[in-house]
Amino acid sequence: MTLPRYFQRILATLCAVVLFALPASAETVLAKYLPDMVPGALVEGADGFGAIREDVAIAPVLKGGEVIGWVFVTSDFVSTTGYSGKPIHTMVAVDKDAKVIGVDLVKHSEPIVLIGIPDSKIKALTANYRGLDLVHEAQTGGTGHELDIISGATVTIMVIDDSIVRSGLKVARVLGLGGLAVEEKPTGPQFEMNLDAEAASDWMTLEGDGTLRRLSLDVGQINEAFAAMDDPRAAKRALTEAPETTYIEMQAALVSHPSIARSLLGETEAANFATWLKEGEHAVAIVGRGLYSFKGSGYVRGGIFDRIVLIQNDISVRFHDKQHRRINAIAADGAPAFNEADLFKIPADSGFDPTQPFRIQLLVQREVGAIEKVFTTFDLGYQLPQQYLQRVAVVPTTETPTAVEAAAGQSEDAAQQALWKRIWQGKKLEIAVLVAMLGLLTLVFFFQSFATRNARAFFWFRIAYLTVTLVFLGWYANAQLSVVNLMALFGALMSGFSWQAFLLDPMTFILWFSLAAALLFWGRGAYCGWLCPFGALQELLSRIAKFFHIPQWTLPWGLHERLWPLKYMIFLGLFGVSLMSIEQAEHLAEVEPFKTAIILKFVRAWPFVAYAVALLAAGLFVERFYCRYLCPLGAALAIPARLRMFDWLKRYKECGSPCQSCANECPVQAIHPTGEINPNECVNCLHCQVLYQSKTICPVVIKKMKRREKVGSAPDLVPDLGRGFMGHPNQLKS
């Protein structure tokens with residue numbers, strides 16, 4: 001298949017730009033932005049900054065010549081990128097106690113911020129990190145603070161939060177702030193699990209040698225803990241049971257050691273359990289009894305066990321329902337009866353080290369109002385006993401790690417992977433619905449003849465599907481693709497591609513991945529005609545307009561054909577600007593009304609709302625007016641759609657000459673008067689396939705039906721012959 005020449009030129013230009021793009025400067029981000037920062041604006045009372053250290057991008061914050069803190073930029077220490085594929089540069093200052101004393105969002109390229117949410121709103125939220133105690137964050141694995149979320153900017157806020165906490169901990173360790181110290185990589189013997197070690201078979205011995213660890217709390221201890229809180233309402237809601245009543249007795253063991261698993265689960269169940277764990281994964285068994293449940297019921301609704309968290313140094317692991325299995329029976333001799341017994345899987349990429357101490361933190365809650373609760377925590381400490389460990393010699397290395405590398409603890413790749421996985425876990429419902437929608441649409445396309453056989457049923461199916469696309473994908477999940485995504489992708493290719501940036505938004509990632517496949521099979525119509533929320537909004541409004549008999553305008557074919565190139569010119573203009581300034585191109589991408597109508601639901605400054613409403617109003621008279629003539633995303637998708645491998649839409653040889661039924665009824669006028677369907681403009685609404693089988697509209701089908709009727713109404717010659725000859729034997733003789 002030969003590509004069009006203009007497309008070949010575009011590809012050649014893209015390749016040339018990517019191949020010969022120059023690498024970015026090695027200058028630290030702090031050195032770039034510190035000269036423009038007013039000390040007093042970052043840290044109250046500060047009047048200057050000292051020189052940036054040579055070994056690490058940190059500078060002292062001065063007041064009257066004295067050092068009152070240290071300043072750094074998050075992107076010098078962590079490489080987490082935002083939704084745009086670029087780092088979010090946040091300048092942070094910390095004091096000697098490892099508390100954040102100043103925060104300023106100095107630079108970002110987030111599209112949702114640039115063209116949707118006011119910059120001041122993001123800056124105000126970022127400023128709230130003043131007072132964050134990094135020592136407490138180190139103790140709680142980065143979970144010791146509440147995360148404020150702005151609707152429509154969830155990914156951006158989570159990236160900012162992750163970068164502030166992780167980079168802050170690295171800087172605090174480098175400088176030894178708040179008693180935090182660099183975690184030296186051991187050069188002597190280390191430990192690994194001794195898989196040949198045997199565990200005792202009875203419960204009492206397992207408790208005695210430390211294989212099982214216990215946390216036991218009675219009602220009296222719980223009442224005392226809540227009485228010591230600042231909120232007096234907590235003491236007033238004291239439990240009325242006897243003080244010595246067991247509130248919770250919780251025990252834990254690391255069952256990823258095979259011998260411990262056999263002792264607690266039995267041979268058969270331990271073998272089954274071993275197949276559940278993948279390479280590098282670990283698991284902990286937790287059992288409990290008493291008035292309080294360590295599982296609670298939150299995991300039933302949200303899929304997360306919110307009452308327990310595993311913490312090891314800076315690492316925190318919250319367990320999800322897919323990481324959970326119930327223990328049906330405890331095999332160890334003499335095991336007491338427990339209310340609940342469960343296994344929890346620790347992911348391989350969490351950074352967990354089974355040879356190092358960790359703790360299970362239990363969150364205990366008490367209701368103090370109709371919908372208000374107060375919380376306190378208790379820790380169950382665990383260390384795998386020495387008999388399950390063996391020394392392993394470490395090969396000495398001649399490389400000396402930098403201060404930042406030594407302070408990193410968890411690898412940067414693992415931290416980034418944990419971030420996007422946490423985001424995906426939080427969007428399981430949206431992902432499940434989107435996958436179901438994609439599966440259903442795929443079936444419709446593969447079996448389109450069957451799907452379009454009943455015109456009325458297919459009409460209401462399409463209306464229902466577009467409604468889900470608009471309400472769920474658009475207004476609820478904010479899964480609206482944009483030409484900004486394409487510019488972000490190209491920017492990432494030029495500056496160093498990373499999957500992590502695109503995995504931060506699971507809905508957008510899945511849509512783009514499925515769209516890439518759909519382009520090869522069906523062209524751009526799979527998205528534009530079915531999965532684009534703004535396109536769905538236009539079509540649904542057009543249906544309403546037709547119901548109320550608002551006149552529909554059909555543009556003359558010559559004018560219609562000459563308006564098509566407008567969207568391609570807009571796309572090429574945006575692409576050209578993005579080569580010089582991606583930020584400027586993102587601003588100009590306001591030609592797309594998607595952010596106003598879908599992401600922000602028209603809650604925006606009036607010029608943006610007026611523009612979006614004007615486009616929708618035009619669509620009341622000319623169906624999908626914006627899609628036809630102005631959409632740069634549709635133009636961008638139409639170019640690679642020329643490479644599709646199949647032509648699924650059925651046509652008769654009479655289509656276009658003489659029949660014009662499909663051409664006249666095509667909602668977007670994508671069918672030429674000569675009968676050919678223009679794949680660049682077709683949105684795969686399948687209306688032409690409905691007409692292809694119509695017994696009341698399609699002349700070819702009507703003609704075939706009449707021919708069959710004539711054949712069916714003709715005299716049945718076989719019976720007549722039978723009656724004529726077989727019924728009159730005399731005639732046979734003569």
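The values are calculated or read from the model by the stated rules, or taken from the named source; none is laboratory data. Nothing here was measured: the structure is a model prediction, and the numbers come from that model. FYI the Cβ positions are ideal-geometry reconstructions off the backbone, even for glycines, and counts take in every protein chain you see. We work out accessible area using only protein heavy atoms, side chains counted, and drop any ligands, DNA or RNA first. Shrake-Rupley method; radii C 1.70, N 1.55, O 1.52, S 1.80 Å.
Some notes on this structure:
- Odd one out for Arg628 among (1) buried (at least 22 other Cβ atoms within 10 Å of the Cβ); (2) without any contact (Cβ under 8 Å) to a residue 12 or more places away in the chain: (2)
- Any chance Phe352 is in a loop (DSSP other than H, G, I, E, B), of a type in the set (Phe, Trp, Tyr) and over 32 Å from the mean Cα position of the chain (by Cα): no
- Among residues of region 668-704, those that are over 30 Å from Pro632 (Cβ atoms) and either open to solvent by 40 Å² or more (accessible area, probe 1.4 Å) or not in a helix (DSSP H, G or I) (or both), counted: 11
- The residues on offer are Ala589, Ala526, Ala536, Ala518, and the sole one that is open to solvent by less than 20 Å² (accessible area, probe 1.4 Å) and either of a type in the set (Lys, Arg) or farther than 20 Å from Leu434 by Cα (or both) is Ala589.
- Top-ranked residue of region 54-78 - restricted to ones that are assigned to a loop (DSSP other than H, G, I, E, B) and touching a helix residue (DSSP H, G or I) at 6+ places or on another chain (Cβ under 9 Å), ranked as most open to solvent (accessible area, probe 1.4 Å): Asp55
- Which numbered condition Leu34 misses (of (1) open to solvent by less than 40 Å² (accessible area, probe 1.4 Å); (2) at pLDDT 90 or above; (3) touching a Gly at 6+ places or on another chain (Cβ under 6 Å)): (3)
- Qualifying residue in region 426-442 (condition: within 30 Å of Gly168 (Cα to Cα), at pLDDT below 90 and in contact with a Leu (Cβ under 9 Å, 6 or more places away or on another chain)): no
- Contact annotation: residue pairs with Cβ atoms under 7 Å, 6 or more positions apart or on different chains, pairing a residue in region 121-132 that is within 15 Å of Leu42 (Cα to Cα) and open to solvent by 70 Å² or more (accessible area, probe 1.4 Å) with a partner that is small (Gly, Ala, Ser) and not in a helix (DSSP H, G or I), are Arg130/Gly102.
- Residues that are open to solvent by less than 40 Å² (accessible area, probe 1.4 Å) and under 33 Å from the mean Cα position of the chain (by Cα) are absent from region 329-338 altogether.
- Taking the conditions (1) among the acidic types (Asp, Glu); (2) at pLDDT 90 or above; (3) in a loop (DSSP other than H, G, I, E, B) in turn, Glu207 satisfies each one other than (3).
- Filter result (over 29 Å from the mean Cα position of the chain (by Cα) and assigned to a strand (DSSP E or B)) within region 87-99: Ala93, Val94, Lys99
- Lone unmet requirement of (1) out of contact with any Gly (no Cβ under 7 Å at 6 or more places or on another chain); (2) outside any loop (DSSP other than H, G, I, E, B); (3) open to solvent by less than 30 Å² (accessible area, probe 1.4 Å) for Ile311: (1)
- From the list Phe646, Phe621, Phe608, the lone residue that is of a type in the set (Phe, Trp, Tyr) and under 22 Å from Trp557 (Cβ atoms) is Phe621.
- Of the listed requirements (1) open to solvent by less than 30 Å² (accessible area, probe 1.4 Å); (2) touching a residue at least 40 places away in the same chain (Cβ under 8 Å); (3) more than 17 Å from Gly529 (Cα to Cα), Lys601 misses just one: (1).
- Cβ-Cβ under 6 Å pairs, at least 6 apart or on other chains, region 652-664 side part of a loop (DSSP other than H, G, I, E, B), far side surrounded by fewer than 18 Cβ atoms within 10 Å (Cβ to Cβ): Tyr652/Val700; Glu654/Val700; Gly656/Thr674
- A search for C-beta distances below 6 Å between a residue of region 320-341 that is at pLDDT below 90 and any residue that is among the hydroxyl-bearing types (Ser, Thr, Tyr), counting only pairs 6+ apart in sequence or on different chains, returns Asp321/Tyr299.
- Index of the failed condition, Asp104 passing every other in (1) modelled with pLDDT under 90; (2) within 18 Å of Val38 (Cα to Cα); (3) buried (at least 20 other Cβ atoms within 10 Å of the Cβ); (4) not β-branched (Val, Ile, Thr): (1)
- Phe344 vs. criteria buried (at least 20 other Cβ atoms within 10 Å of the Cβ) and assigned to a loop (DSSP other than H, G, I, E, B): no
- Candidate set from region 562-571 (those that are among the hydrophobic types (A, V, I, L, M, F, W, C) and assigned to a helix (DSSP H, G or I)); member that is nearest to Val668 (Cα to Cα): Leu563
- Single match in Glu561, Glu592 (criterion: at pLDDT 85 or above, within 29 Å of the chain's Cα centre (by Cα) and under 29 Å from Thr469 (Cβ atoms)): Glu592
- For region 549-561, the criterion of being open to solvent by less than 30 Å² (accessible area, probe 1.4 Å), closer than 18 Å to Glu665 by Cα and among the polar types (S, T, N, Q) is met by no residue.
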